[in-house]
Amino acid sequence: QSALTQPASVSGSPGQSITISCTGISSDIGAYNYVSWYQQHPGKAPKLMIYDVSNRPSGVSNRFSGSKSGNTASLTISGLQAEDEADYYCSSYSSTNTRVFGGGTNLTVL
Amino acid sequence: QVQLQQSGPGLVKPSQTLSLTCAISGDSVSRNSAAWNWIRQSPSRGLEWLGRTYYRSKWYNDYAVSVKSRVTINPDTSKNQFSLQLNSVTPEDTAMYYCARDQDYAYFFDYWGQGTLVTVSS
């Protein structure tokens, strides 16, 4: 299974909104609404931020939202805060009951 | 609250077998609808799902194509834990290894272990 494609880096100023894209194929993102997003700060394990394309776990700020169109999913962070600076990874369920991750996007808050 | 506690050596010699264990608290390795995964992360490969084990009246495994010939993930019900074995390792297997949980119809990783950095070097 191939990795999902994400931009290597994005940046934004405090208070602004940014969107991170995650492109897959018809047998992963295009076929299932099982896209999840993870936030990872240096030296820490990934933390679940979005599941099933657009659902937030309890405790995750509503500044984080997700969507999907075709083979591409997106994570939007509104009202950027310094604490949002981290790496973000998308993941999808894939055919044959496997999982695939994106290459990760480094978010810089300017 | 589910907790996953990883253990295992941080240094493995080339051609040998990498072995890690993930001890589960707050859940059961044999609970129907739960699945227990191994994921690794390296600068060159990013996050890479390796495989999982799960119980649905009997034990099943799913493995990533990239490591299928070398990987084994086994449950240990007596200790409520599961393990990863990766054979014939090379320096390319140097990575941070994580265990994580997902569930039926909840195809996301909601709980993660703390990570174990494994270096393959002679």
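Remarks
- Cα-based Kirkwood hydrodynamic radius, chain B, one decimal, Å: 14.4 Å
- Over the C-alpha atoms of the range B:54-95, the Rg to Rh ratio, Rh being the Kirkwood estimate, stands at 1.04.
- Solution diffusion estimate, µm²/s, Stokes-Einstein, the protein assembly as shown, Kirkwood Rh from C-alpha pairs, 20 °C, viscosity 1.002 mPa s: 119 µm²/s
- For chain A, the pair-distance distribution built from all alpha carbon pairs, in bins 5 Å wide starting at 0, is 2, 14, 25, 25, 19, 10, 4, 1, 0 percent.
- Number of partner chain Cβ atoms within 10 Å, mean per residue of B:108-117: 5
- In this simple spin-label approximation, A:S26 and B:R56 carry label points 7 Å from Cα along the Cα→Cβ vector, and these lie 2.5 nm apart.
- Under the Karplus curve 6.51 cos²θ - 1.76 cosθ + 1.60, θ = phi - 60°, whole-Hz ³J(HN,Hα) for the range B:80-86, x wherever Gly or Pro sits: 6, 8, 9, 10, 10, 10, 10
- Taking only Cα atoms of the range A:4-47, radius of gyration then Dmax in Å: 13.2, 37
- When the residues A:T19, B:T53, B:T119 are ordered by accessible surface, computed with a 1.4 Å probe over the protein chains alone, the sequence from largest down reads A:T19, B:T119, B:T53.
- The amide H of B:V12, built 1.01 Å from its N in the peptide plane, has B:T119, B:V120, B:S121 as neighbours under 5 Å, considering only residues 5 or more places off or on other chains.
- Protein accessible surface hidden between B and A, which excludes ligands and nucleic acids, total in Å², probe 1.4 Å: 1700 Å²
- Shielding value for B:62-73 is 1, the average number of Cβ atoms from other chains within 10 Å of each residue's Cβ.
- Gap separating the Cα centres of the range B:63-122 and the range A:15-62, nearest whole Å: 21 Å
- Residues of type lysines that B:K58 reaches as a straight line, Cα spacing below 23 Å, ignoring anything fewer than 8 places off in the same chain: B:K68, B:K79
- The mean count of C-beta atoms from other chains within 10 Å of the C-beta of residues in B:97-106, rounded to a whole number, is 2.
The values are calculated or read from the model by the stated rules, or taken from the named source; none is laboratory data. Bear in mind that the values here come from a model prediction, so they are computed numbers and not experimental data. Neighbour counts run over all protein chains shown; Cβ positions are idealised from the backbone, glycine included. Quick note on the areas: whole protein, heavy atoms, side chains included, nothing else; ligands and nucleic acids left out. Shrake-Rupley method; radii C 1.70, N 1.55, O 1.52, S 1.80 Å.
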